[in-house]
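Notes for the one structure printed next.
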Amino acid sequence: MPYTEIIEEFPPELRRPIARLVDALREELGVGRADFAELKAIVRDLAEAQRELAEAQQRTELRVEELAEAQRRTELRVEELAQAQKELTQAQKRMEDELTLFRRTFTAQIGGLGARWGLQSEEAFRQGMRAVLQEVGYTAERFLDYDAQGEVFGYPEQIELDVIVTNGKVMVLEIKSSLSKGDVYYFARKAAFYARKTGRQVDRKLIVTPYAETQAKEVGMRVGVEICTDVNALG
């Protein structure tokens, strides 16, 4: 193969310098045919090595692109998994919240029925509801005092109330398994008794009950007593 064809296999920027080198070697050093044949072989080997190097570089670049694409797919998958994990966490939180709401409602409704039917005592129902109220932020102190003058019931009796003081505001609270209009009147008198005995102003009067008669709700509106039949709606 003529050396000019071999030189054509080199990159364009190397062809002229190599051709000049070969011509200089032939003219100035008097390279013989055998030497020149050896030189051509060397040049040919160099060209082959150059071609193999270019091919190897091309394969490397292709592999790098493949790896980069694989990395992009991996990063995308990681983002998808992170989003799925976030959505799963949110769904789990919603489910937990719904179960909590259901449990509170179940405690109030079934507990109230149990107390009304004599399956559990009124006090047991109240204890269960106090725990539920504490979950929603209502931690109460128990007020106990003796009404010697019969202001509330018309005869001497022990008066019990749950009292919550928040930011200087006083709320009196009673828990009932069911509520009649008479219960509302008695509660209003209890609140007045508490205010007189303690010297505190009562800012809010609240009865929590799963079952309230229509007349009880009407009386509550007249005497300023809030009646809550859904503990989850307390604000």
Legend entry - Vicinal HN-Hα couplings computed from phi for region 186-194 (Karplus, 6.51 cos²θ - 1.76 cosθ + 1.60; Hz; Gly/Pro x): 4, 5, 4, 5, 4, 4, 5, 4, 4
Inset, instruction - Name the lysines eligible as straight-distance cross-link partners of Lys181: C-alpha to C-alpha under 21 Å, and not fewer than 8 places from it in the same chain. - result: Lys190, Lys205, Lys217
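Filter the trypsin sites (Lys or Arg not before Pro) in region 156-207 down to the DSSP loop ones having no more than 16 other Cβ atoms within 10 Å, then list what survives. Mind dumping the intermediate values first?
Numbers: sites: Lys169, Lys176, Lys181, Arg189, Lys190, Arg196, Lys197, Arg200, Arg204, Lys205; in loops: Lys176, Arg200.
Loop-located and lightly packed - Arg200.
Neighbouring Cβ atoms within 10 Å as the yardstick, rank Met221, Met171 fewest first.
Numbers: Met221 11, Met171 18.
In order of increasing Cβ crowding within 10 Å: Met221, Met171.
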Legend entry - Spin-label model distance (nm) - Thr139 vs Ala195, 7 Å beyond Cα toward Cβ: 2.7
Inset, instruction - Based on other C-beta atoms within 10 Å, arrange Tyr186, Tyr194 from fewest to most. - result: Tyr186, Tyr194
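Just so you know, all these numbers are worked out from the coordinates, no wet-lab data involved. Worth saying up front: this structure is predicted, and the values here are computed from it rather than measured. Reconstructed Cβ throughout: ideal geometry from the backbone, glycine too, with neighbour counts over all protein chains shown.
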